1. Considering each of Val295, Val276, Val271, Val250 in turn, give the residue that is surrounded by 20 or more Cβ atoms within 10 Å (Cβ to Cβ), more than 21 Å from the chain's Cα centre (by Cα) and not small (Gly, Ala, Ser).
2. Got a sec? Which of Thr303, Thr309, Thr291 is farther than 26 Å from Ala249 by Cα and either of a type in the set (Phe, Trp, Tyr) or not assigned by TED's automatic domain parsing to the domain that holds Arg483 (or both)?
3. Among the residues of segment 392-407, is there at least one that is among the polar types (S, T, N, Q) and within 26 Å of Tyr268 (Cβ to Cβ)?
4. Please go through segment 456-469 and give me each residue that is in a loop (DSSP other than H, G, I, E, B) and closer than 25 Å to Phe225 by Cβ, ordered by number.
5. Just give me the residues in segment 288-301 being part of a strand (DSSP E or B) and not hydrophobic (A, V, I, L, M, F, W, C), in sequence order.
6. Do the conditions hold for Glu498, that is, is it farther than 19 Å from Lys284 by Cα and either surrounded by fewer than 19 Cβ atoms within 10 Å (Cβ to Cβ) or modelled with pLDDT under 95 (or both)?
7. Please indicate, with yes or no, whether at least one residue in segment 274-287 is on the phi < 0 side of the Ramachandran plot, of a type in the set (S, T, N, Q) and assigned to a loop (DSSP other than H, G, I, E, B).
8. Within segment 331-346, which residues are aliphatic (A, V, I, L, M) and surrounded by fewer than 22 Cβ atoms within 10 Å (Cβ to Cβ)?
Amino acid sequence: MRRVDTQRRETAVVGVAAGLAATVAAGAAVGFGRPWFVFTAVRWLFARTPDVLVRFGITEIGGAAQPLFAVSVGVAAIWVLGAAVPLGEHVANRTGTGVATPMTVVATQTLLALLAGGTAPAAVAGGLAGGVVAVASTDVRGTGEDRRTALRALGTAGLAVGVSGLFARLSRDSAATETDEASGTDDTVTTADVENDNLERQLFEAAEGRSLDVPNLEGLVSRNFYQVDINAADPRTRREEWTLEIHGAVDGGGTLDFAGLLDNPTEYRFVSLRCVGEKLNGQKLDTALWTGVPVEALLSDVTLDEAVTHVAARADDGYVMDFPVEALDDAFLAFGMNGGPLPQGHGSPVRLLVPGHWGEINVKWITELEFLTEEIDGYWEKRGWHGTGPVHTVAKLHTVDTTGPSVVVGGHAYAGTRGLDRVEISTDGGDSWETATLSDPLPSRVPTDADPETLDLDDPADDAARMWRHEYVASESHEVVVRAVEADGTVQPRKNGEGDPYPSGATGWVSQTVEPNG
């Protein structure tokens with residue numbers, strides 16, 4: 001019995017090692033990008049996950065939900081591929097052929113990777129890596145020395161993964177070099193045709209100068225801009241490959257490439273985005289300086305059918321959002337962010353920005369604008385969300401500092417394109433209100449060819465959050481409540497249900513109990 005238990009443990013160890021080697025080697029062969037069968041399986045499973053579970057992940061787990069899901073699928077893949085080892089042993093025992101085990105491992109793991117949606121080269125790379133582990137572990141199997149088996153199996157798995165990753169990296173670098181030489185371009189240069197370093201510097205200095213001094217609170221421009229999307233691995237499209245198709249119920253539509261995009265007037269804009277799935281006092285409200293082209297410039301030669309009511313924005317990852325066509329009036333196609341290229345995670349090479357609307361319709365990796373005569377359900381609408389309308393007004397309470405002789409509280413406030421008049425704060429649970437200090441608005445849109453010497457930065461941005469700060473003396477425990485007042489005097493509603501973001505975004509007065517020092 002002890003002998004049988006030892007053999008089972010050895011088989012399990014070699015199976016896990018072979019599964020690990022196959023999974024990681026297959027990923028390395030495609031740069032751990034979208035063709036990796038793990039990500040293909042994640043996408044397939046996520047599309048079939050019940051809406052209630054997706055909602056729980058968005059609202060309760062947040063940005064960590066998808067990585068956790070991907071890790072879980074990856075672990076499951078290791079175990080499934082590892083099952084090829086006991087299968088191989090069974091075949092070897094039945095046929096009396098020693099090489100049957102590694103051969104079965106290679107064949108089974110390759111087939112499983114292909115069935116899971118992996119590419120043929122990556123599937124073969126994974127199968128071979130798993131087979132190498134099976135071969136290398138053969139001569140220590142059955143010795144009763146579990147530790148030797150484990151070390152040999154895991155060591156060989158690590159070697160197989162490292163070698164496959166090295167060859168994959170060399171292959172990708174070589175392909176990228178050939179592409180760059182052929183095109184004469186470099187994706188690390190983002191706004192070479194439009195950049196104005198002095199102008200950018202002046203805009204960032206204005207943002208820094210208008211940011212309030214609030215302890216432990218990021219300024220007006222976000223360095224760590226939140227990211228939310230439907231992918232385990234984001235699309236990777238070079239600028240030379242990118243196109244935007246404008247079609248539907250229009251006359252004069254067509255296909256635009258990146259060079260054609262740059263033929264239009266370009267400008268800088270400070271724009272904020274807020275995620276419809278964030279909790280009331282969540283951290284998914286950020287602002288950046290974007291570089292891009294107004295959508296209206298692209299539509300100057302396009303005539304919309306009189307019956308057009310909506311537009312569907314589609315992305316390279318299959319994501320689609322539908323929203324009223326009027327929202328495009330001030331929309332923007334961004335290809336730069338905070339003075340650099342648009343990062344991959346934010347939609348490189350081009351994303352859509354729709355002022356004053358929830359983040360979900362600010363489509364990343366955009367490839368299509370289709371004009372429609374009737375409404376359709378977008379990606380999130382099919383899952384019960386309704387975030388295609390204007391964003392809700394909110395005042396966040398993100399800093400409570402009681403380390404000094406007085407209490408300092410602060411945060412960011414945002415009302416979309418409606419603008420802010422003031423932020424009010426109550427230190428007695430909402431019985432009385434005072435006006436907090438509100439930062440000056442960020443500058444409005446600026447053409448990239450503007451003269452920095454004559455630049456007017458007094459015109460406020462259309463769609464950018466502002467900071468607020470309040471300092472007061474308190475000696476007893478109390479409840480702080482904050483609310484925003486829009487430019488026309490409309491007071492932010494006290495609450496939307498219980499502040500639950502589902503289905504159309506959270507709003508309400510943020511409150512927190514404060515315990516002063518001493």
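The values are calculated or read from the model by the stated rules, or taken from the named source; none is laboratory data. None of these values were measured; they are calculated from a predicted model. Neighbour counts run over all protein chains shown; Cβ positions are idealised from the backbone, glycine included.
1. Numbers: Val276 fails: more than 21 Å from the chain's Cα centre (by Cα); Val271 fails: more than 21 Å from the chain's Cα centre (by Cα); Val250 fails: surrounded by 20 or more Cβ atoms within 10 Å (Cβ to Cβ).
Answer to the selection: Val295.
2. Details: Thr303 fails: farther than 26 Å from Ala249 by Cα; Thr309 fails: farther than 26 Å from Ala249 by Cα.
After ruling out the rest, the residue left standing is Thr291.
3. We begin by selecting, within segment 392-407, every residue among the polar types (S, T, N, Q); these are 393, 399, 402-403, 406.
From what's left, within 26 Å of Tyr268 (Cβ to Cβ): 393.
Looking through segment 392-407, at least one residue is among the polar types (S, T, N, Q) and within 26 Å of Tyr268 (Cβ to Cβ).
4. Within segment 456-469, the subset in a loop (DSSP other than H, G, I, E, B) is 456-459, 461-462, 464-465.
Across segment 456-469, the qualifying residues are Leu457, Asp459, Ala461, Asp462, Ala464, Ala465.
5. Step one: filter segment 288-301 for residues part of a strand (DSSP E or B), giving 288-294.
Passing the criteria: Thr291, Gly292, Pro294.
6. On the way: farther than 19 Å from Lys284 by Cα: no; either surrounded by fewer than 19 Cβ atoms within 10 Å (Cβ to Cβ) or modelled with pLDDT under 95 (or both): yes.
Spelling it out, it is not the case that Glu498 is farther than 19 Å from Lys284 by Cα and either surrounded by fewer than 19 Cβ atoms within 10 Å (Cβ to Cβ) or modelled with pLDDT under 95 (or both).
7. At the first step, the residues of segment 274-287 found to be on the phi < 0 side of the Ramachandran plot are 274-287.
From what's left, of a type in the set (S, T, N, Q): 281, 283, 287.
Adding the requirement that they be assigned to a loop (DSSP other than H, G, I, E, B) leaves 281, 283.
Looking for residues that are on the phi < 0 side of the Ramachandran plot, of a type in the set (S, T, N, Q) and assigned to a loop (DSSP other than H, G, I, E, B), one finds at least one in segment 274-287, hence yes.
8. Step one: of segment 331-346, the residues aliphatic (A, V, I, L, M) are 331, 333-334, 337, 342.
The answer is Met337, and nothing else.
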